[in-house]
Amino acid sequence: MTTPVVKLTASDVEIATRAAENFARIYYNAYDSDNRLNDLPQFYRQSSSLVWNGKPFQGAIGVRELLEKMPVTKHEIQSLDCHPIPGTSPPSLLVSVSGSVVHGQGPSGNPAHTTPRNPEGHPRVFSQTFMLVPDPTAPATKPGELAKYYVSADAIRFVG
């Protein structure tokens, strides 16, 4: 039995890239907001998985538990790449993001006794990969309209 070949069109890639760019803008704005404990977990479902620097967390509850222990953040995205995964309509998206993040208030916000080698307050380079899956609970989209997605899997790692 052969599996039918599903070819992606240039339009599929363009729409997927717009969806990924829109997702990243909203996601990192939520991550860096004062309301992140409520906003960020909404991107995840109970079945979602997150691996943060090798440590696993499960679902929206796990994301919230991680954020509760984390100081404020400020992300700066330097690159984003999106690969639509054929087989569903709209397709699932594999999104790779890299950039830098500052945890805490920045070097000037650290207490005077903070050593220069302390990572808090200094930019750290990160790489984050998302598997975004169309949200079956979202209203149907029209042709050319961006689909609604949730994070099925998320892996973030500091680089260097």
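The values are calculated or read from the model by the stated rules, or taken from the named source; none is laboratory data. What you see is a predicted model; the values in this text were computed from it and never measured. Note that we place each Cβ from the backbone using ideal geometry, even for glycine, and neighbour counts take in every protein chain shown. Ligands, DNA and RNA are stripped out before the accessible areas are found, and what is left, the full protein with its side chains, is counted by its heavy atoms. Shrake-Rupley method; radii C 1.70, N 1.55, O 1.52, S 1.80 Å.
Take LEU80 and decide whether it is under 28 Å from SER11 (Cα atoms), open to solvent by less than 20 Å² (accessible area, probe 1.4 Å), touching a residue at least 40 places away in the same chain (Cβ under 8 Å) and assigned to a strand (DSSP E or B). It would help to see each step written out before you state the result.
Numbers: under 28 Å from SER11 (Cα atoms): yes; open to solvent by less than 20 Å² (accessible area, probe 1.4 Å): no; touching a residue at least 40 places away in the same chain (Cβ under 8 Å): yes; assigned to a strand (DSSP E or B): yes.
No; evaluated as a whole, the condition is false for this residue.
Has the stretch 3-21 got at least one residue that is touching a Leu at 6+ places or on another chain (Cβ under 7 Å), under 20 Å from ALA153 (Cβ atoms) and not small (Gly, Ala, Ser)?
Looking for residues that are touching a Leu at 6+ places or on another chain (Cβ under 7 Å), under 20 Å from ALA153 (Cβ atoms) and not small (Gly, Ala, Ser), one finds at least one in the stretch 3-21, hence yes.
Which is within 16 Å of ALA30 (Cα to Cα) and modelled with pLDDT under 90, of PRO107, PRO90, PRO71? Steps first, please.
Working: PRO107 fails: within 16 Å of ALA30 (Cα to Cα); PRO90 fails: within 16 Å of ALA30 (Cα to Cα).
Sole residue among the options that is within 16 Å of ALA30 (Cα to Cα) and modelled with pLDDT under 90: PRO71.
Taking the stretch 1-32, which residues are of a type in the set (S, T, N, Q) and at pLDDT below 95? Before the answer, list the steps.
Within the stretch 1-32, the subset of a type in the set (S, T, N, Q) is 2-3, 9, 11, 17, 22, 29.
Across the stretch 1-32, the qualifying residues are THR2, THR3, THR9, SER11, THR17, ASN22.
Can you tell me how many residues in the stretch 38-52 are at pLDDT below 95 and closer than 14 Å to PHE126 by Cβ?
Counting residues in the stretch 38-52 that are at pLDDT below 95 and closer than 14 Å to PHE126 by Cβ gives 0.
From the list SER79, SER127, pick out the single residue that is at pLDDT 95 or above and within 12 Å of the chain's Cα centre (by Cα). Lay out the reasoning, then the answer.
Values: SER79 fails: within 12 Å of the chain's Cα centre (by Cα).
Sole residue among the options that is at pLDDT 95 or above and within 12 Å of the chain's Cα centre (by Cα): SER127.
Condition check: modelled with pLDDT of 95 or more, exposed (fewer than 14 other Cβ atoms within 10 Å of the Cβ) and more than 16 Å from GLU14 (Cα to Cα). Does SER98 satisfy that? First the steps, then the outcome.
On the way: modelled with pLDDT of 95 or more: yes; exposed (fewer than 14 other Cβ atoms within 10 Å of the Cβ): no; more than 16 Å from GLU14 (Cα to Cα): yes.
Here the answer is no, as SER98 does not meet what is asked.
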